[in-house]
């Protein structure tokens with residue numbers, strides 16, 4: 001009886017497999033890359049670039065998410081009016097020129113002859129629909145622009161009028177993350193709250209197929225009109241040298257590592273920090289790209305750490321060299337320093353408050369703990385092993401604080417549980433978290449009271465307002481220097497531990513990779 | 001026969017309802033929010049609330065359950081919060097690689113295990129027998145993820161013979177399809193191979209001790225012929241029982257191997273959906289697997305009754 005049941009089970013599974021396999025045929029869409037090696041700027045090398053991406057994007061519509069996987073894939077096909085160059089300066093991309101009248105009235109002259117992937121020309125009505133949708137979704141844009149709207153002046157001109165001057169709005173319009181993707185008017189106007197599902201942009205690559213949890217496939221857009229300028233960060237020429245690009249979704253880092261070593265992938269995202277030395281000994285190109293700051297965030301909104309003295313005590317005690325060595329492993333892939341903005345960001349980078357960074361002063365820490373009236377209460381660090389460097393940092397911090405006589409516990413969750421848990425401000429005291437670089441300080445999340453665990457602080461609010469409302473860039477910078485000094489000396493919603501890199505690794509025949517607010521792939525060539 | 005089928009179908013309904021309630025509750029009690037995962041960490045509480053509302057996640061849990069189960073009865077397992085695609089479509093896409101992998105793993109297991117088991121039985125007590133049984137014991141002891149990583153390092157990274165990640169459908173060609181499946185199938189099939197090899201050995205040994213074999217041997221039948229023609233055929237029954245009984249576990253047990261080799265199968269779908277808190281997909285997949293098991297058992301019982309006239313399904 002058992003024998004026959006087994007036979008039949010086997011037979012049924014086999015039949016099912018062939019049935020499914022037969023149904024599967026034809027799903028693959030053939031790109032029309034054709035291996036043609038001529039065209040834009042004569043720089044096309046042809047071929048296919050296979051990229052191992054670390055996460056599946058929740059959507060390919062960048063307007064509705066801050067996901068970095070969405071950002072890096074969506075910008076292959078979508079473009080915005082302005083982008084950031086390598087020094088974080090807003091630079092026109094789909095706009096030919098921007099007239100800025102006192103940071104209050106803006107006129108965008110659009111480039112003519114820009115084609116969407118559906119063959120239609122981009123005009124002002126598309127830009128108006130796209131930008132008005134974007135400003136409803138992007139928090140800071142929504143706050144600054146308010147009820148005002150982008151308006152069509154003529155077929156190739158769009159205007160925006162603000163109630164008050166803002167020295168920040170140009171930078172926000174050029175933001176790399178949740179950027180204002182320009183798409184045809186009807187698609188933008190019909191988009192739901194979770195984003196568009198028809199991907200029609202103006203970028204150098206056009207969308208072909210998204211096989212969920214498997215790959216995202218782009219091919220060169222033959223009618224793309226590149227700028228006649230040198231590439232500079234996200235600005236300048238986008239040349240599309242390769243015919244096709246596949247982003248393979250490979251969430252497991254050891255799979256990405258083995259895949260790049262075996263030649264399965266040409267380029268791999270975010271490999272583990274402890275593989276750095278091993279990779280340096282191979283023929284592969286290793287590009288550590290500074291991606292953001294690792295922050296020890298205090299729950300300043302509730303409980304023990306709502307007292308600034310407690311936060312200052314922990315900050316005084318930390319031996320940051322030790323923490324970074326344990327978590328980010330190699331000094332080649334991290335940097336230290338008090339600057340809270342990206343070093344290349346010429347408008348905002350400053351070392352104000354550096355004397356409070358990496359103090360490693362136990363005596364001062366004990367004194368501050370006494371002043372705070374700390375009496376052995378349990379201090380809870382919450383963390384996750386999904387990001388190993390957060391966990392490793394947390395373990396070292398726990399040990400350092402216990403050496404100081406504090407009663408510290410470590411609770412470990414998976415990432416989605418942790419993001420949920422930190423919303424409950426009574427459930428934790430500290431956590432280590434990574435924050436990607438932002439173009440201006442008012443967007444730095446751990447300085448904003450809207451972020452879970454960040455307490456209200458009148459002085460900080462006042463300084464942030466003065467940055468946002470400054471009439472000139474100089475005034476804004478002065479306010480930010482004051483703010484950063486205040487952040488380090490007193491406010492301390494978090495302690496910046498260090499600046500971490502993402503390890504991008506590629507085969508030796510891959511040229512032209514640049515990291516600027518995420519990996520940039522449109523100028524990469526494959527020279528096998 | 002018809003009344004038996006009806007009875008079995010009706011008896012499956014309470015099982016499915018219990019499974020659906022349990023899985024629904026477990027998933028919704030687990031901390032984590034799909035809206036936060038979709039919008040990214042920088043989303044404001046207002047944006048999260050808005051998306052929760054549009055996904056129906058702000059409704060009372062019983063209301064969410066009834067709305068989901070009502071859809072299930074109409075063949076609609078819901079829509080993935082994260083992928084925005086129907087859950088049935090996600091399952092249909094993911095089951096193909098999983099079943100391909102399971103079948104190939106089973107074939108590899110048989111190709112390894114049967115010769116080893118036969119040889120070990122034939123050389124009972126010899127060094128070869130002990131070696132092969134140690135090999136089988138190793139196969140059962142080594143975790144599939146460890147074997148997978150070792151295979152990747154050796155055949156993928158060091159020797160560069162085989163791809164280490166991904167899946168190519170049959171439509172791209174049988175050879176490339178199999179190339180991508182070899183390493184994961186070996187990782188998955190190793191435990192099966194060990195189990196089948198041990199079963200083959202003991203089953204053949206049992207048969208070899210029977211009188212008809214002794215009689216055949218006394219009549220001068222050659223050893224090779226004796227094993228293959230006389231012993232193996234009769235020893236096959238328990239071997240095939242093991243094969244059949246464990247095949248289902250290859251499908252549900254491929255989670256780790258699919259993760260290591262980045263195969264977009266059912267296991268990977270479940271793992272990714274848990275990480276994304278994509279409730280709709282998790283509950284849909286669990287329900288699908290339950291239905292699959294119930295359905296296959298039912299079909300097998302029915303066919304069994306048709307093939308073996310001694311079994312009367314209607315009785316009792």
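The values are calculated or read from the model by the stated rules, or taken from the named source; none is laboratory data. Note that the coordinates shown come from a computational prediction; the quantities given were computed from them, not determined experimentally. Quick reminder, even Gly has a Cβ in these numbers, built from the backbone with ideal geometry, and neighbours come from all protein chains shown.
Only one of the listed residues (B:27, B:9) is within 28 Å of residue A:433 (Cα to Cα) and within 24 Å of the chain's Cα centre (by Cα). That residue is B:27.
Looking at (1) touching a residue at least 60 places away in the same chain (Cβ under 8 Å); (2) more than 14 Å from chain B (Cβ to nearest Cβ); (3) assigned to a loop (DSSP other than H, G, I, E, B), can you tell me which one residue A:213 breaks? Against the list (1) touching a residue at least 60 places away in the same chain (Cβ under 8 Å); (2) more than 14 Å from chain B (Cβ to nearest Cβ); (3) assigned to a loop (DSSP other than H, G, I, E, B), residue A:213 comes up short only on (2). Listed here are the helices (runs of 4 or more DSSP H) enclosed by the stretch B:1-100 that have at least 1 residues being touching a helix residue (DSSP H, G or I) at 6+ places or on another chain (Cβ under 6 Å) and buried (at least 19 other Cβ atoms within 10 Å of the Cβ): B:2-29, B:34-39, B:45-55. In the set (1) out of contact with any helix residue (DSSP H, G or I) (no Cβ under 7 Å at 6 or more places or on another chain); (2) over 25 Å from residue A:84 (Cβ atoms), residue A:284 fails one condition alone, (1). Screening the stretch A:429-449 for residues that are more than 16 Å from residue A:387 (Cβ to Cβ) and more than 19 Å from the chain's Cα centre (by Cα) and picking the one that is nearest to the other protein chains (Cβ to nearest Cβ) gives A:449. Scanning the stretch B:101-114 for residues that are more than 11 Å from the chain's Cα centre (by Cα) and more than 11 Å from every other protein chain (Cβ to nearest Cβ), we see that the one that is surrounded by the fewest Cβ atoms within 10 Å (Cβ to Cβ) is B:111. Among the residues of the stretch A:153-194, those identified as in a strand (DSSP E or B) and closer than 24 Å to residue A:77 by Cα are A:157, A:158, A:192. Residue B:251 passes every criterion in (1) modelled with pLDDT of 85 or more; (2) surrounded by 17 or more Cβ atoms within 10 Å (Cβ to Cβ) apart from (1). The combined condition, being under 20 Å from residue A:329 (Cα atoms) and either in contact with a helix residue (DSSP H, G or I) (Cβ under 7 Å, 6 or more places away or on another chain) or part of a loop (DSSP other than H, G, I, E, B) (or both), is not fulfilled by residue A:419.
Within the stretch A:247-274, restricting attention to residues that are touching a residue at least 60 places away in the same chain (Cβ under 8 Å) and away from chain B (no Cβ under 12 Å), the residue that is surrounded by the fewest Cβ atoms within 10 Å (Cβ to Cβ) is A:272.
Within the stretch A:160-173, does at least one residue satisfy the condition of being over 27 Å from residue A:445 (Cβ atoms) and either at pLDDT below 95 or out of contact with any helix residue (DSSP H, G or I) (no Cβ under 7 Å at 6 or more places or on another chain) (or both)? If you could, list the steps in order and put the result at the bottom.
Initially, the stretch A:160-173 is screened for residues over 27 Å from residue A:445 (Cβ atoms), giving A:161.
Checking which are either at pLDDT below 95 or out of contact with any helix residue (DSSP H, G or I) (no Cβ under 7 Å at 6 or more places or on another chain) (or both) leaves us with A:161.
Yes, some residue in the stretch A:160-173 is over 27 Å from residue A:445 (Cβ atoms) and either at pLDDT below 95 or out of contact with any helix residue (DSSP H, G or I) (no Cβ under 7 Å at 6 or more places or on another chain) (or both).
For the stretch A:318-341, residues that are surrounded by fewer than 21 Cβ atoms within 10 Å (Cβ to Cβ) and in a helix (DSSP H, G or I) total 7.
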